[in-house]
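As structure tokens, the structure follows; a few thoughts come after it.
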Amino acid sequence: MSRALFDKALEAAKAFHAALPAVAEFQPWPSDIRWAGREGHQVPGAALVQSDPGYAAKGIPAEAEVRALQQAIIALAPHAEWRRTYTEEEVGQDFLLRYGWFELVGPTGHFHSLQTRMTIGYWGPGLDYPWHQHTPEELYTILSGSADFMAKGEEVRRLVPGDTKMHGPNQPHAMITNGHPILCFVFWRGEGLADDPAMSPD
Ligand SMILES: [Fe+2]
């Protein structure tokens with residue numbers, strides 16, 4: 001049963017990719033996708049994706065595709081292999097209880113691909129995601145909710161459903177959720193797709 005939910009999410013992700021020009025331009029849809037058969041893994045934050053996913057898209061371009069992917073991810077949440085990259089020392093206990101991510105497509109994803117890493121990330125309201133970085137280039141897209149995104153050398157931007165934001169290789173970036181949670185779909189390209197992000201040096 002859960003395989004059908006993953007297939008539906010992948011189909012919704014492909015339609016989303018085609019419908020948002022910034023996403024389609026970031027990278028082509030991978031040609032090497034295959035089901036990897038990974039087991040689910042729950043973290044406390046995963047339940048919040050269903051109970052409090054953040055406000056949905058309204059009156060934006062590609063609204064139907066953004067909403068369809070949001071709904072497919074909400075349905076998938078109880079079956080996904082959720083992870084938490086950071087330690088309590090790095091982000092605090094509250095952050096660890098109200099955040100999580102999983103890899104839909106990628107080197108260690110539910111669907112295997114060596115051409116991309118596509119992850120879903122969730123953060124509850126009022127969380128401070130400290131400065132961090134990684135080698136691959138990144139495109140954030142917002143499925144529901146909102147947050148303030150910061151990147152070194154750039155103005156702070158409040159992102160809402162349908163928005164996208166790029167980060168360059170090893171460009172430090174950070175995020176703060178305010179009164180809303182946020183559900184993101186994140187694309188990576190380039191070297192180091194299987195690596196975890198690291199906190200930026202002070
Ligand atoms: Fe990032």
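The values are calculated or read from the model by the stated rules, or taken from the named source; none is laboratory data. Just so you know, these numbers come straight off a predicted model, no measurement behind them. Neighbour counts are summed over all protein chains in view; Cβ atoms, including those assigned to glycine, are modelled from backbone coordinates with ideal geometry. Surface areas here come from the heavy atoms of the whole protein model, side chains and all, with no ligands, DNA or RNA. Shrake-Rupley method; radii C 1.70, N 1.55, O 1.52, S 1.80 Å.
Results, tabulated for the structure shown:
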read-out: Ellipsoid semi-axes in whole angstrom, largest first, where each is sqrt(5λ) of the Cα gyration tensor of region 1-82; value: 22, 19, 10
read-out: Selected from 29, 122, 188, residue furthest toward positive end of dipole (region 2-199; charges at beta carbon); value: 29
read-out: Theoretical FRET efficiency, 1/(1+(r/R0)^6), r = Cβ-Cβ of residue 176 and residue 42, R0 25 Å, to 0.05; value: 0.45
read-out: Spatial extent of region 39-103: Rg and Dmax, with the Cα atoms as the point set, Å; value: 13.5, 41
read-out: Part-to-part distance (alpha-carbon centres) for region 88-143 and region 38-74, which is given in Å; value: 14
read-out: Accessible surface, per residue, of the chain when the full set of protein chains is kept, probe 1.4 Å, Å²; value: 44
read-out: Charge-dipole axis of the chain as Lys and Arg at +1 and Asp and Glu at -1 on Cβ define it, positive-most pick from 179, 100, 78; value: 78
read-out: Listed peptides 163-171, 22-30, 180-188 by packing density, highest first (mean Cβ within 10 Å); value: 180-188, 163-171, 22-30
read-out: Extension reserve of the residue 84-residue 58 stretch, reckoned as 0.36 nm per residue once the Cα distance is removed; value: 6.3 nm
read-out: Overall Cα dimensions of the chain, principal axis frame, Å, largest first; value: 43, 36, 34
read-out: Fraction of accessible area attributable to carbon and sulfur, the chain (%, probe 1.4 Å); value: 52
read-out: Share, in percent, of DSSP beta bridges within region 2-199 that are antiparallel, nearest 5; value: 95
read-out: Distance between modelled label sites at residue 50 and residue 135, nm, 7 Å Cα→Cβ extension; value: 3.8
read-out: Simple Cβ-charge dipole of the chain, Lys/Arg +1 and Asp/Glu -1, about Cα centre, in debye nearest 20; value: 620
read-out: FRET efficiency for residue 11 and residue 189, using Cβ-Cβ distance with R0 set to 25 Å, rounded to 0.05; value: 0.70
read-out: Relative contact order, percent, the chain [alpha-carbon distance under 8 Å, six or more residues apart]; value: 23
